[in-house]
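Colleague: The structure follows.
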There are 2 protein chains.
Amino acid sequence: MDPRTGLPVVAMVGGGQLSRMTHQAAIALGQSLRVLATDPAESAALVTADVQLGDHRELADLQRLAEGATVLTFDHEHVPTEHLQALVDAGHRVAPGPAALVHAQDKLVLRRALAAAGEPQPAWAEARTVHDVAAFGAEVGWPVVAKTPRGGYDGKGVFVVHGPDEAAELLERHGTLLVEERVPMLRELAAQVARSPFGQVAVWPVVETVQRDGVCNEVLAPAPGLSDELATAAQELAVRIADSLGVVGMLAVELFETADGILVNELAMRPHNSGHWTIEGARTSQFEQHLRAVLDYPLGSTAMTAPVVVMANVLGGATADEDWAGPGLDERVHHLMAHWPDVKLHWYGKTQRRGRKLGHVTALGEDVPEVRARAVAAARYLADGVVDPAFAFEHDEEHRP
Amino acid sequence: MDPRTGLPVVAMVGGGQLSRMTHQAAIALGQSLRVLATDPAESAALVTADVQLGDHRELADLQRLAEGATVLTFDHEHVPTEHLQALVDAGHRVAPGPAALVHAQDKLVLRRALAAAGEPQPAWAEARTVHDVAAFGAEVGWPVVAKTPRGGYDGKGVFVVHGPDEAAELLERHGTLLVEERVPMLRELAAQVARSPFGQVAVWPVVETVQRDGVCNEVLAPAPGLSDELATAAQELAVRIADSLGVVGMLAVELFETADGILVNELAMRPHNSGHWTIEGARTSQFEQHLRAVLDYPLGSTAMTAPVVVMANVLGGATADEDWAGPGLDERVHHLMAHWPDVKLHWYGKTQRRGRKLGHVTALGEDVPEVRARAVAAARYLADGVVDPAFAFEHDEEHRP
């Protein structure tokens, strides 16, 4: 508890945009968010009052962060499990706990757990040698997808492998790999669920996530054209995983939709890009819900606030280049507001680089193509300085099931 | 501009809840909010990264605050006009400017300006002597309302005067008074408008404000049963005032509704309690809009997100007493969330005292009595530790026109 307010202190490892947006939610709830950042210019460090500079791989820094905090939680998965266990052993509350979190940190651990539970997932194998990859490829067909078990995100650490020769170099560089069949997917979905230590769960409508170059680009809520049956199946799957792993806080289950149903891709145990739409699009945002869940407060309503909500990421584009000669950021924000007075902007305050997640926009409405066109055009204008009305539709059809 | 982000730095005088909620909006827009607080435990100082401690009556502190900021604005009206003029003369942008702001600082200045513009307002007079008050009372009938021209808020500085004798003591204590007829009002309304230096304006639906003991207790959006004609008249009045005074930023026009129409009570040139409902209840909140307006960004959509939105203040009640033996604040927040999973909480982090504005809750829905009962019951539970389902209705009828 914060003696100044009588309300909890939440310590969050990581100073990125997820901490930044969690802070907005913490302000409303009267809570004090303490952030562990590696640099004072990080997204959350720019806007929070209680910033500790340190390294999430150093136990001493984590101990200092946890001191006096009601609970310790995360904006990324990169904290070593043994450090988290040490914090738990010292009596600190850590949410999600290390035994749950490892399933979001290590893709092999996740695959084994899902296999043991009989949950749907792609065919997979653990590969330590070229022979392992060759045998798996022969079984499921080439190409296969190879992943580093730990440390990958936003398409990093994921490789398409067309034959055993390609595997050799990857194995040499990364050691043990997770290899998976290349799923003939129709599209990607995500199911968001929050779970409290008490065991209460709350699910949001299942969304479609549209990736570009391995990075989430758009989120459509609810997933257009998804049958009630499949939506319910995805929500129930997410709740089962949250329960069986003992997740505390937000869980995002990334899914492949195939002709035969859904398969689990991977998990995130924190607020996740696929849930940013909830800030305006649901009665309770994923950020507020994460705080409620890790503090064992009752969870909030996940009802949508509009029939259709689309979030589009602003990924660093042409405007992030040093030789960009068009309107600067502030001027682009002016134009954005003039052109789309009802699109909501979230800018993370980060240094601009090509491909970096710099912010997102959210549009709400009734009609999927209209709302989507609005969100994507606004995001793309911020990133690339151009308005291309055709863009929203050019790859629309290829992602429809 | 903040060199770290390429986006504006907004300096806000005052560390109260209005700054706190403005900070939430600034985070989304990528802006840096710098706050002048008198104490590090003030509401906004608890949650913002850039806090300057100082006195809003000291020019040196204001100069330090304005240094390097894109614009300087306010969460209260208590900055001396001559200091603001000095900042303007030194080349700083101040929004609203001192010539506009004085109409929210000095009720006599406002009355004179409205009279000159022919806007509807109660009969009034400037009273320097008992004779002035006696003459005015004889003209409009007793009792009259006497107000200190400056410094009043939340019912402070407002007195009901039943005869000349009562006026003597007030005049001795406060000097010149504004005296007004006691308006036979049906209810109180408020019209919110934002205006940018460019001259763009944006209005929200007119709301009903329900006062208790001179303090705003509930806000009903839109004002139930208000005719389109009167609603439009109130919005047009607010826009005219914003234009004619050259307001930059938010303007709240507090109104009396009488059998004959509307009369201007007073003005606030900043985010105002009557607009807190816009955080969840409108596409653009008054806090975001204030930032957009003072920075001369295009203004955002003011469309409502639900047919009925009710905000209820949490005013320090029985639970603020030292001998309160019931559930503590954190436990009450737990119960609130369990009982009202779709009511949105905003807690300001302030020390609890009887009658102090400690937070507010917002409920959304379709039916005024239902939404209102939910909001008021939730707020009252936080304040007094009791749930009284009859409360929302006991004074419902007396406020209906």
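Colleague: Kindly give the distances from B:D243 to its copy-mates, label point to label point, with each label point 7 Å from Cα along Cα→Cβ, as nm values to one decimal ordered shortest first.
Modeller: Going from nearest to farthest copy, the values are 6.2 nm.
Colleague: I'd like the distance between the alpha-carbon centres of the stretch A:93-148 and the stretch A:19-50, rounded to an integer number of Å.
Modeller: 34 Å
Colleague: Need one value for B:336-344: mean number of C-beta atoms belonging to other chains within 10 Å of its residues' C-beta atoms.
Modeller: Taking the mean over all residues of the peptide, I get 5.
Colleague: I need to check one value: relative contact order of the stretch A:187-399, counting alpha carbon pairs closer than 8 Å and at least 6 residues apart, in percent.
Modeller: With pairs under 8 Å counted, the relative contact order is 19 percent.
Colleague: List the equivalent ellipsoid semi-axes of the stretch A:204-362 in whole Å, largest first, each obtained as the square root of 5λ for an eigenvalue λ of the Cα gyration tensor.
Modeller: After scaling each eigenvalue by five and taking roots: 30, 18, 16 Å.
Colleague: Using mean Cβ contacts within 10 Å as the protection proxy, how do A:372-380, B:320-328 order, highest first?
Modeller: The densest-packed peptide leads the list: A:372-380, B:320-328.
Colleague: May I ask which residue of B:L72, B:H23, B:V88 lies farthest towards the positive end of the charge dipole of the stretch B:9-94, with charges of +1 (Lys, Arg) and -1 (Asp, Glu) on Cβ and the Cα centre as origin?
Modeller: Comparing the listed Cα positions along the dipole, B:H23 ranks first.
Colleague: Output ³J(HN,Hα) for the stretch A:186-202: one whole-Hz value per residue in order, computed from phi by the Karplus curve 6.51 cos²θ - 1.76 cosθ + 1.60 with θ = phi - 60°, and x for Gly and Pro.
Modeller: For the stretch A:186-202, the Karplus-derived couplings read 7, 5, 9, 10, 9, 10, 9, 9, 10, 9, 9, x, 4, x, 5, 10, 9 Hz, x marking Gly and Pro.
Colleague: Roughly how big is the stretch A:88-142's charge dipole about its Cα centre, with Cβ charges of +1 (Lys, Arg) and -1 (Asp, Glu), in debye to the nearest 20?
Modeller: 120 debye
Colleague: Using a 1.4 angstrom probe, figure out how much accessible area the stretch A:109-196 has per residue, in square angstrom, rounded to the nearest whole.
Modeller: Here the per-residue accessible area is 46 Å².
Colleague: For a quick check, take a GNM of chain A with Cα springs below 10 Å and name the residue from A:V71, A:V207, A:V35 with the largest mean-square fluctuation.
Modeller: Ranking A:V71, A:V207, A:V35 by mean-square fluctuation puts A:V71 first.
Colleague: When you count, for each residue, the other Cβ atoms within 10 Å and take the mean per peptide, how do A:14-20, A:176-182, B:337-343 rank with the highest first?
Modeller: The most tightly packed comes first, giving A:14-20, A:176-182, B:337-343.
Colleague: Given the C-alpha centroids of the stretch B:151-202 and the stretch A:247-274, what is the distance between them in whole angstrom?
Modeller: About 57 Å separates the Cα centre of the stretch B:151-202 from the one of the stretch A:247-274.
Colleague: Could you derive backbone 3J(HN,Hα) for the stretch A:39-44 from the dihedral phi with the Karplus parameters 6.51, -1.76 and 1.60 (θ = phi - 60°), listing whole Hz in sequence and x where the residue is Gly or Pro?
Modeller: 8, x, 9, 5, 3, 6
Colleague: A further question follows. Over chain A, what is the relative contact order in percent, taking alpha-carbon pairs closer than 8 angstrom and at least six residues apart?
Modeller: 13 percent
Colleague: Along the charge dipole of the protein assembly as shown, which of A:G316, A:V387, A:V183 sits closest to the positive end, that is, farthest toward it, with unit charges on the beta carbon of Lys, Arg, Asp and Glu (+1, +1, -1, -1)?
Modeller: A:G316
Colleague: Counting every Cα pair in the stretch A:37-104, what percent are over 14 Å apart?
Modeller: Beyond 14 Å sits 57 percent of the P(r) for the stretch A:37-104.
Colleague: Further question: Any idea which of A:L295, A:W340, B:A238 is furthest toward the positive side of the dipole for the protein assembly as shown, if Lys and Arg beta-carbons carry +1 and Asp and Glu beta-carbons -1?
Modeller: Projecting each Cα onto the dipole axis, the largest value belongs to A:L295.
Colleague: About the Cα centre of the protein assembly as shown, how large is the charge dipole given +1 on each Lys and Arg Cβ and -1 on each Asp and Glu Cβ? Please answer in debye to the nearest 20.
Modeller: I would put it at about 1020 debye.
Colleague: Still on this model: Going 7 Å from Cα along the Cα-Cβ axis for the label, what nanometre distances separate A:W142 from the same residue across the other copies?
Modeller: Inter-copy label distances (nm, one decimal, shortest first): 10.4.
Colleague: Peptide B:347-353: average number of partner chain Cβ atoms within 10 Å per residue?
Modeller: 4
Colleague: Sticking with this one: If you place +1 on the Cβ of every Lys and Arg and -1 on the Cβ of every Asp and Glu, how big does the dipole about the Cα centre of the stretch B:9-94 come out, in debye to the nearest 20?
Modeller: Charge dipole of the stretch B:9-94: 280 debye, to the nearest 20.
Colleague: Also, I was wondering about something else. On alpha carbon coordinates alone, what is the Rg over Rh value for the stretch A:123-181, Rh being the Kirkwood radius?
Modeller: The Rg/Rh ratio comes out at 0.92.
Colleague: How big is the B/A interface in buried accessible area, both sides summed, 1.4 Å probe, to the nearest 100 Å²?
Modeller: 4000 Å²
Colleague: Let me ask you something else. Rg to Rh for the stretch B:110-235: what is it, with Cα atoms only and Rh by Kirkwood?
Modeller: Computed over Cα atoms, the ratio is 1.02.
Colleague: Would you list, by chain and number, the lysines whose Cα falls below 22 Å from the Cα of A:K156, excluding same-chain residues fewer than 8 positions away?
Modeller: A:K107, A:K147, A:K350, A:K357
Colleague: If each DSSP helix of 4+ residues adds -39,500 (n - 2.57) and the sum is divided by the residues in the protein assembly as shown, what number results at 222 nm, nearest 500 deg cm²/dmol?
Modeller: Value at 222 nm, helices only, nearest 500: -10000 deg cm²/dmol.
Colleague: While we're on this one: Name the most mobile residue of A:V206, A:V247, A:V145, meaning the one with the largest mean-square fluctuation, in a Gaussian network model of chain A with Cα contacts below 10 Å.
Modeller: A:V145
Colleague: Ordered shortest first, which distances in nm separate the 7 Å Cα→C-beta label point of B:E82 from those of the other copies?
Modeller: With the label placed 7 Å along Cα→Cβ, B:E82 yields 6.9 nm.
Colleague: Within 10 Å of each Cβ in peptide A:320-332, how many partner chain Cβ atoms are there on average? Round it to a whole number, please.
Modeller: Taking the mean over all residues of the peptide, I get 1.
Colleague: Taking chain B as a Gaussian network, where each spring joins two C-alpha atoms under 10 Å apart, which residue of B:G261, B:G225, B:G151 fluctuates the most?
Modeller: Maximum fluctuation in the GNM of chain B, among the listed residues, is at B:G225.
Colleague: Ranked highest first by the average count of other Cβ atoms within 10 Å around their residues, in what order do A:266-277, A:101-112, B:88-99 fall?
Modeller: Listed from highest to lowest mean packing, they are A:266-277, A:101-112, B:88-99.
Colleague: Under 5 Å between amide H atoms, partner at least 5 residues away or on a different chain: which partners does A:N265 have, H built in plane at 1.01 Å?
Modeller: For A:N265, the qualifying residues are A:E254, A:L255, A:F256.
Colleague: Could you work out the relative contact order of the stretch B:308-358, using alpha carbon pairs under 8 angstrom and six or more residues apart, expressed as a whole percent?
Modeller: 58 percent
Colleague: To two decimal places, what compactness ratio does the protein assembly as shown give when its Cα radius of gyration is scaled by 2.2 N^0.38 Å?
Modeller: That works out to 1.01 for the protein assembly as shown.
Colleague: For chain A, just the Cα set please: Rg and Dmax, both in angstrom.
Modeller: 20.9, 64
The values are calculated or read from the model by the stated rules, or taken from the named source; none is laboratory data. On a predicted model such as this, the values are computed, not experimentally measured, just so you know. Backbone-built Cβ (ideal geometry, glycine too); neighbour counts: all protein chains shown. Just the protein is used for accessible areas: all its heavy atoms, side chains included, with ligands, DNA and RNA removed. Shrake-Rupley method; radii C 1.70, N 1.55, O 1.52, S 1.80 Å.
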